[in-house]
Amino acid sequence: MNGRNNWFIVDGYRPPAKPNQADYEGHESVMILNCNERDAHCLIDVYFEDREPALGIPFVAPARRISAFRSNDRGVFGDVDLKVNQQYSLRIRSDVGIVVQYGRADVSQPNLAYIATLGHAE
């Protein structure tokens with residue numbers, strides 16, 4: 001087994017676009033690495049500051065592949081609308097060990113800021 005089965009991303013936040021900024025788009029992305037010989041069947045839970053969580057969103061991370069998606073990807077999140085400037089957290093549970101990383105490009109300030117961090121794993 002490679003990786004862990006439970007991952008937590010606490011600082012989820014999609015930054016706003018900077019007015020008149022054509023070169024870069026503010027965004028965030030969740031990356032899942034599955035080094036296993038079989039697909040990882042995941043459940044994504046989204047936690048909010050001001051309402052009940054959205055639980056059990058299914059996602060399949062293919063075997064021996066990297067999967068990446070943004071928080072505004074309706075193909076992943078369906079009816080869960082993660083808005084710009086909205087704080088949220090994620091829990092990603094998997095039936096096989098995976099590695100989860102989170103990245104954010106923030107163009108709402110004069111300088112481009114990019115963060116990348118591994119989630120907390122159990």
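Every read-out reported here was derived from the displayed coordinates using simple, explicitly stated rules and does not represent laboratory data. None of these values were measured; they are calculated from a predicted model. Reconstructed Cβ throughout: ideal geometry from the backbone, glycine too, with neighbour counts over all protein chains shown.
Things worth noting here:
- P(r) weight above 20 Å for the range 31-103, C-alpha pairs, percent: 28 percent
- Normalised contact order of the chain, rounded percent, pairs of Cα under 8 Å and 6 or more residues apart: 42 percent
- Using only side-chain charges placed at the Cβ, +1 for Lys and Arg and -1 for Asp and Glu, the dipole size of the range 6-101 relative to its Cα centre rounds to 200 debye.
- Taken along its principal axes, the alpha carbon cloud of the chain reaches lengths of 46, 30, 24 Å, longest axis first.
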